[in-house]
Amino acid sequence: MSAIEQTATPLTATQQTQTTCPYCGVGCGVDISQQNGQLLPVAGDSRHPSNFGRLCVKGSALHETISHNGRLMYPLMNGQRSSWSQAINLIADKIQQVIHTHGPDAVAFYGSGQLLTEDYYVANKLMKGFIGSANMDTNSRLCMASAVASYKRAFGSDTVPGCYEDLEQADLLVLTGSNAAWAHPVLYQRMVAAKKANPDMKVVVIDPRRTATCDLADLHLAIRPGSDAFLFTALLAYLGETNNLDHHFIALHTEGFGSALETARQQCRSLKDVAGQLDIEASDLAQFFHWFADTPRTVTFYSQGINQSATGTDKGNAIINVHLATGRIGKPGATPFSITGQPNAMGGREVGGLANQLAAHMDFSAAERDRVRRFWQAPNLAERPGLKAVDLFQAVKRGEIKFLWIMSTNPLVSMPDADDVKEALKHCELVVVSDCMADTDTAAAAHVLLPAASWGEKNGTVTNSERRISRQRGFLPPPGEAMPDWWIITQVAHALGHADAFNYSHPADIFDEHARLSAFENNGSRDFDLSGLSAMSRAQYDAMAPVQWPVNAQYPQGRQRFFDDRRFYTDNGKARFIAVAPELPAPRTGGDLIMNTGRVRDHWHTMTRTGKAPRLAQHISEPYADIHPQDAALRGIEDGSLVRIFNPRGSLLLRAHISDNQRTGEIFVPMHWTSRYASAARMGTLTDSSVDAISGQPELKYSAVNAEPFRPGWQGFVLSRRDIGTPDCAYWACGVFGDDIHNPGMVYEVAGQGDAGQFVDALRQRLPDQPLKGQWLTLSDPAQQHYRHVLIVNNQLEAVIFVHKDLQFSNRQWLTECFAQSELSSQQRRALLAGQPADAPDHGAIVCSCFQIGEKQIIQAINNGCDSSDALGKALRCGTNCGSCIPELKTLLASHSAGSDTQPAALFSDAACTAVEL
Ligand code: SF4
């Protein structure tokens, strides 16, 4: 094993660290500090140009997610602890054997936008330069591959033209396929501030759902799902018809305008027809077209609602077309702007993390292959693009991939047709998973598990959605034997006999090579150029300030906007219009509802980190399905009940949330819950494997499903001081609670059929009453399936089990607070079986996670005269920290400004319960 230089220095009493949030593509700077050996709550870095000190609630809770609970500490081979050298040698031997027997294309890597650029660089170099296959793809294929493909078609390069400042300088902000308020909250806050500063700014939100982002909208177009390309193609026809075109720009700097416009005209003959295709009012469409035509400073901001589509590349080009037609690119406040989901999706694009890229924004042309081969001195450079994610896992299932290494991602949850991916892994001879967490759906399917260092322990760089490279700096030592991903990959490279080519002792060495490759024989021919960041000393790398690429002789401080010089990276230097003939999603079989998927405000991806923070578990504590009232009524589904969402591929059990924010015929299911957190909530099991023919990005927003009520015989909840594993019942969902971020309690929502008494008895067997001499308080009524059992150990609350035929017990706040008591008082003990003292306040569901302000408190304050989110902030502090809840505050203001607080009566009164001490 080769040595590694220190990558993380534990903080001393006075040390501070500037690093970057590991969640979304906004890439916020984070200040880390500690006092007396204790990590303080994180703060936004006021000097970081992406967030200027702001953080959303996920970023604000980062320090709550760094406990070692659930971490993978040591290498494991077939479930047995091994040494690093045993694991590395096994992997290298298998790769060599597979190459020898089946060729390099039988080897595959599947990476992640969570990897740092340095990790990504060495993984890509090993696979494409030395193993000799391009079967290195990444979960970024699920995120923004269509945006990449559309940029390359239009600009000849994967170039993000604009920057975050453009959002503030625009007079018209068009958000399409983006719930920025929840998915990119700090950018949304910048938009909110910009609109406040410029009340004339117009905001249009295009989304089938009415999301929190619509709170900012002057106009919401709730279009038919998947019809975005119709809208923007029709807009191009309208701009042509009304002569709102930049003829000079079109003539001098673009090609293909005539055929794009003609195609648009043929497809979109009248406003009324188009409005019919989109299923919106023609007057709303006309209003949007009018604003667009009249507003030179326009930004079109788009994300997964555009990209995660079987026609996502065309959608991206339809958007770019209208910006090219009006010359709105490369100017302040005027750009098409695709926002990435992951923190380092852009870094992956830079190094060639996608199977159809080679490296440093070079592809597989003969000249580019030759250039990269000479730079790497690569003996086996891949000759052609590799398999994209969906194709890759299908090849695994066919037995064509014999060795698969999955790095920092959880495809058994996130891939479409996720159960098929689960099945596919059974057909692979060796599956390696490197991850920081031990208990993921994908880790459970691996033969070899490699413990990776996590955020806070890693050192390297990430690139955000505006091309800004920021340092991620380690400030904690990795636990156990966890190691950085770049180190793990280079050790395998060494064992394969490539020590000279992978001779790095620090991520700075890798970054330097990455920067030099970007500059190699570039001479302005490629957009991605970090020549100005090569040959940095270790101290310069450590101190590197956030900077937007390119960084070179022409742009030594980085470049804010591309294409301000009207020069594109096509052969003739002109941007290309793409003739888009829009298509609605193909009809789906398997159900009469269309399922859309996406994020919730306080969770990230598959919850491996955010699931550890009690504060983040409170906003939405269970997996759910949003259903329109008409669809719910038709199926007998009640708000708050359990619902089965199913199609021939699989079945989910979720909490029904009935809401007219949905269109009829459509439901929404969040993407986050895994087998670790719920009995059946992996939305990927219901999505099919349709992909965009150009980008290979899967359609994750349009799956046919059915919905029906699930009527359990009983339901309830369990609170426990410790993890009790997977409850044995039809439905469960779990999360964490409490103030102790290192040892949070666990809360389980449960529901089942059959005898609730048996369920309670089985659960009690898992709780540690015997060795700890615990004391049970119980209330049991088998005829009503009504059980309340409370375990007290050493006069502290250890566990609570409440189960009833039709339990609707919403306020667990008091019970969870009792877990924090070092000693229970006699009044508290008496009240435990009631679940609350008679005078306990019920604050309702938590809306403001930062200050733990509940919905009922907010409604009360509105009834007391608070008439704005500012007024609520003054009265309750809600919305005054990260601001993520402000859209919900405004929704409550809108619906309760003349209403009254309706505190539901407690289901069980104190007097009705008799405590029985056993
Ligand atoms: S918006 Fe929130 S999740 Fe995204 S980078 Fe910033 S703090 Fe992190």
Legend entry - Distance between modelled label sites at A633 and Q554, nm, 7 Å Cα→Cβ extension: 6.2
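Report the far tail of the P(r) of region 41-91, meaning the percent of Cα-Cα pairs longer than 15 Å. Walk me through the numbers before you get to the answer.
Details: 817 of 1275 pairs.
Tail of the P(r) past 15 Å holds 64 percent of the pairs.
What is the gain in length, in nm to one decimal, between D842 and A693 on full extension, counting 0.36 nm per residue of separation less the C-alpha to C-alpha distance? Please list the in-between numbers first.
On the way: separation 149, 0.36 × 149 = 53.64 nm, distance 5.23 nm.
Difference between extended and current length: 48.4 nm.
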Inset, instruction - Taking all pairs of distinct Cα atoms, average 1/r, flip it, and tell me the Kirkwood hydrodynamic radius of region 260-313 in Å to one decimal place. - result: 13.1
Inset, instruction - Mind jotting down the three principal axis lengths of the chain based on Cα atoms? Whole angstrom, largest first. - result: 84, 68, 56
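Using the per-residue mean of other Cβ atoms lying within 10 Å as a proxy for protection, in what order, highest first, do the peptides 68-77, 213-222, 94-103 fall? Can you show the working numbers first?
Numbers: 68-77: 18.7, 213-222: 20.2, 94-103: 15.7.
Top to bottom by mean Cβ count within 10 Å: 213-222, 68-77, 94-103.
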Legend entry - For the chain, with +1 on Lys and Arg beta carbons and -1 on Asp and Glu, the positive-most of L219, F249, H514 along the dipole: H514
Legend entry - 13 Å cut-off, amide nitrogen to a point 7 angstrom out along D200 Cα→Cβ, residues in region 143-180: 170-172
Inset, instruction - Give, in nm to one decimal, the length gained when the segment between R81 and A499 is fully stretched (0.36 nm per residue of separation minus the Cα-Cα distance). - result: 147.9 nm
Inset, instruction - Just add up the charged neighbours of G883: K/R +1, D/E -1, any other residue whose Cβ is under 14 Å from the Cβ of G883. - result: +4
Inset, instruction - Treating cross-link reach as a plain straight distance, find the aspartates and glutamates whose alpha-carbon is under 20 Å from the alpha-carbon of K196, omitting any fewer than eight places away in the same chain. - result: E165, D166, E168, D171, D215, D218, D867, D870, E888
Legend entry - Average Cα contact separation per residue, region 226-375, under 8 Å, 6 or more apart, as relative contact order %: 25
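Quick one: pull the percentage of alpha-carbon pairs in region 1-154 with a separation above 26 Å. Could the numbers behind the result be given before it?
Values: 5786 of 11781 pairs.
When all Cα pairs of region 1-154 are counted, 49 percent exceed 26 Å.
How would you rank 40-49, 342-351, 646-655, highest first, on the average number of other Cβ atoms within 10 Å across their residues?
Details: 40-49: 17.9, 342-351: 29.3, 646-655: 20.0.
Sorting 40-49, 342-351, 646-655 by mean packing, highest first, produces 342-351, 646-655, 40-49.
How far, in nm, would the chain grow between K397 and F52 when pulled straight, counting 0.36 nm per residue and subtracting the alpha carbon separation?
119.5 nm
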Legend entry - region 135-193 - Rg and Dmax from Cα coordinates, angstrom: 13.9, 44
Legend entry - Mean separation of Cα contacts under 8 Å, 6 or more apart, over the residue count of the chain: relative contact order %: 15
Inset, instruction - Note down the nm distance, to one decimal, between modelled labels 7 Å out along Cα→Cβ at Q540 and at Q852. - result: 4.9
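When Rg is the radius of gyration of the Cα atoms in region 552-692 and Rh is its Kirkwood radius, what does Rg/Rh come to?
On the way: Rg = 21.5 Å, Rh = 18.6 Å.
Here the Rg-to-Rh quotient is 1.16.
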Inset, instruction - Name the lysines eligible as straight-distance cross-link partners of K94: C-alpha to C-alpha under 17 Å, and not fewer than 8 places from it in the same chain. - result: K402, K426
Inset, instruction - Specify the inter-centroid distance of region 711-749 and region 619-640, based on alpha-carbon positions, in whole Å. - result: 22
Inset, instruction - With 10 Å bins from zero, work out the P(r) of region 651-759 over every alpha carbon pair and list the percent per bin. - result: 12, 34, 31, 18, 5, 0
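Over region 411-479, what is the relative contact order in whole percent, taking alpha-carbon pairs under 8 Å and six or more residues apart? Kindly include the intermediate steps, with their values, before the conclusion.
Details: 86 pairs, mean separation 15.2, N = 69.
RCO, region 411-479: 22 percent.
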Legend entry - Computed [θ] at 222 nm, deg cm²/dmol, the chain (DSSP H ≥ 4; -39,500 (n - 2.57); rounded to nearest 500): -8500 deg cm²/dmol
Inset, instruction - Please say if region 60-128 is rounded, prolate or oblate, where rounded means a/c under 1.5 for a ≥ b ≥ c the square roots of the C-alpha gyration tensor eigenvalues, and otherwise the choice is prolate for a/b larger than b/c and oblate otherwise? - result: oblate
Legend entry - Reduced Cα scattering model of region 333-485, Debye log10 I(q)/I(0), q = 0.14 Å⁻¹: -0.92
Inset, instruction - Sort out for me the Cα centre separation of region 29-101 from region 367-400, rounded to whole Å. - result: 28
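Below 9 angstrom from the Cβ of T461, what's the summed charge of the other residues (Lys, Arg +1; Asp, Glu -1)? Show your work: numbers first, answer last.
Details: positive: R471; negative: E118.
In short, 0.
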Inset, instruction - For every other residue with a beta carbon closer than 13 angstrom to the beta carbon of A553, add +1 if it is Lys or Arg and -1 if Asp or Glu, then tell me the sum. - result: 0
Inset, instruction - Just report the Cα centroid separation between region 679-700 and region 496-522, whole Å. - result: 35
Inset, instruction - Looking at the chain, send over the antiparallel percent of its DSSP beta bridges, to the nearest 5. - result: 65
Legend entry - Among 822-831, 849-858, the order from most to least packed when residues are scored by Cβ within 10 Å on average: 849-858, 822-831
Inset, instruction - For each pair in K202/K272; K272/K701; K58/K612; K128/K315, compute the distance between the two Cα atoms and list the pairs where it is over 20 Å. - result: K202/K272; K272/K701; K128/K315
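What does the charge dipole of the chain about its Cα centre add up to, to the nearest 20 debye, if the Cβ of each Lys and Arg holds +1 and the Cβ of each Asp and Glu holds -1?
900
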Legend entry - Inter-label distance, nm, simple model (7 Å from Cα along the C-beta direction), D370/N572: 2.6
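Where a number appears in this text, it was derived from the coordinates with a stated rule and is not lab data. Just so it is clear, the model here is predicted, and its values are computed rather than measured. All Cβ positions, even for glycine, are placed from backbone atoms using ideal geometry, and neighbour counts span all protein chains on display.
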